[in-house]
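One structure is given here, and the rest of the page talks about it.
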Amino acid sequence: MGSRSSFKNVSAKDFRFVEGGKTYRSVGELGNIKILIKESGSVKAPEFSHTRNRIYGIIQNGALKHLAFYDENNNQAAVIDLQHKHSGIQPHKHLYLDHSDKGIPITADEKKLIEKIRKEFKLK
């Protein structure tokens, strides 16, 4: 699993890793949701996915940090940030890598999905 901008050429569907690109390790799946962990360094939701319409749950220090949703072109469509506030909203989401907004409140269905992942993987 590559990190933000660590693929060679996503537009051409070339998902080989850039030398020195950040990597994540999969710790399991729950339906279409792949759960990833990065052992060290900064933890950000990947900009791209190898799989269309994928959802990634990203873990940091035993807690779910991000829930990232990808579109049919493998691009990040939305990310839910769980461990910090944005304009006083926690958790909150951003659309298409745009963090200039004030943060969008999450839906009841998104809350249920987050709790399902936390319970299944015993996360904070």
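The values are calculated or read from the model by the stated rules, or taken from the named source; none is laboratory data. Fair warning: this is a prediction, and the values are worked out from it, not measured in the lab. Cβ: placed from backbone, ideal geometry, glycine included. Neighbour counts: every protein chain shown. The accessibility values were calculated without ligands, DNA or RNA, using every heavy atom of the protein model including side chains. Shrake-Rupley method; radii C 1.70, N 1.55, O 1.52, S 1.80 Å.
Hand me the chymotrypsin sites (Phe, Trp or Tyr not before Pro) from the stretch 54-124 located in a DSSP loop with no more than 14 other Cβ atoms within 10 Å, in residue order please.
On the way: sites: Y56, F69, Y70, Y96, F121; in loops: Y96.
Of the chymotrypsin sites (Phe, Trp or Tyr not before Pro), the ones in loops of the stretch 54-124 whose Cβ has at most 14 other Cβ atoms within 10 Å are Y96.
Would you mind working out the accessible area per residue for the stretch 45-124, using a 1.4 Å probe, and quoting it in Å²?
Accessible area per residue: 53 Å².
Can you list the residues, at least 5 places off or on another chain, whose amide H is less than 5 Å from the amide H of I89, using H built in the peptide plane?
Here nothing satisfies the definition.
Which percent of the accessible area of the stretch 14-124 is formed by carbon and sulfur heavy atoms (probe 1.4 angstrom)? Kindly include the intermediate steps, with their values, before the conclusion.
Working: 3110 of 6160 Å².
Carbon-and-sulfur percentage of accessible area, whole number: 51.
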